[in-house]
Amino acid sequence: MKTTKSFIRGTGAYLPSRVLTNDDLAKMVDTSDDWIRERTGIHQRHIAAEGELTSDLATEAAKVALKNAGLVASDVDLIVLATTTPDRTFPATATAVQAKLGISGGAAFDVQAVCSGFLFAMATADSMLRQGLFKTALVIGAETFTRILDWSDRSTCVLFGDGSGAAVLQADEGAADEGVIAHHIRTDGTKSDLLYVDGGVSSTGTIGHVRMQGNQVFRHAVTNISSAIERVLDDTGHTIDDVDWFVPHQANQRILNGVAKRLGLDEDKVVSTVSRHGNTSAASIPLALHTAIEDQRIKTGDLVLSEAMGGGFSWGATLFRL
């Protein structure tokens, strides 16, 4: 039986031109290439140029996604942008992307769930498309995350980078096991002091910097992500063996390995871009997805599983067939 479903029609990505290597970081803070690689798997990250905004990154990724979907900007009637680093307090950065694409109709708004943001945005857009509120959605994850880093804190500044990724979702008739199949998203605000930014509009009136208790975050990440994956698979009647590709949030290689080991997932099925991009927060999943589609690892008809965990804590998993 066919119902209204969401289908991914195209993906895109954009990375700023400036690359910051581990050796570059070692000149700024007490660290080394070996130390960073051993603990995170990260070799380099991209840094937005001065004056380059989150909306600029998002717009470039959106253009690529639209081109790959065979669509034009005027086809889009919904933009859901996941970001923790908006251009301004308001209006939503999604509206800036809307304007830069020359779209004046439909709706555009931001979603804030930190590193889980893209999955929360996907779930939001998917539900709206299924309800018939919109026909074609741009779902974007974009971050200029390096602008909220304390560059003297080696426990955080080595982890993150800037970038953006996008997917075009379109409503169409489909079977239960086609298109976007299922989501499982959750938050637990009681753990917010383990990963947060120490500033805000109504608290300090400043932007603030990222603060993290890394060991605690790692422990909760592996547990929460695994439970979300198991839930979404159980809800859909799938097993981990059915999954063709695992496209996780690129937090660090240790978390990717820990989740794969806990689930008994074949490492050859894991898409990892963390060595080249670092942790780009809400942008990391669409960046990794686009990379694997472009190099033809992921093909039409493949069953793809994504997961993420971020500050809040927020976490979730999404299952879709390309």
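Points to keep in mind about this one:
- Helices (runs of 4 or more DSSP H) (entirely within the range 16-99) containing at least 2 residues that are within 18 Å of the chain's Cα centre (by Cα): 54-69
- Verdict on T95 being closer than 16 Å to A142 by Cβ, of a type in the set (S, T, N, Q), touching a strand residue (DSSP E or B) at 6+ places or on another chain (Cβ under 7 Å) and open to solvent by less than 30 Å² (accessible area, probe 1.4 Å): no
- Taking (1) touching a strand residue (DSSP E or B) at 6+ places or on another chain (Cβ under 7 Å); (2) under 22 Å from F313 (Cβ atoms) in turn, D188 satisfies each apart from (1).
- The numbered conditions (1) open to solvent by less than 30 Å² (accessible area, probe 1.4 Å); (2) closer than 15 Å to A282 by Cβ are all true for L15 except (1).
- Where L289 falls short, out of the listed (1) more than 15 Å from the chain's Cα centre (by Cα); (2) closer than 25 Å to H43 by Cα; (3) part of a helix (DSSP H, G or I): (1)
- Any hit, the range 167-183, residues being open to solvent by less than 10 Å² (accessible area, probe 1.4 Å), in contact (Cβ under 8 Å) with a residue 40 or more places away in the chain and in a loop (DSSP other than H, G, I, E, B): yes
The values are calculated or read from the model by the stated rules, or taken from the named source; none is laboratory data. All of these numbers come straight from a predicted model, not from anything done at the bench. Cβ coordinates were reconstructed from backbone atoms using ideal geometry, including for glycine residues, and neighbour counts include every protein chain displayed. We work out accessible area using only protein heavy atoms, side chains counted, and drop any ligands, DNA or RNA first. Shrake-Rupley method; radii C 1.70, N 1.55, O 1.52, S 1.80 Å.
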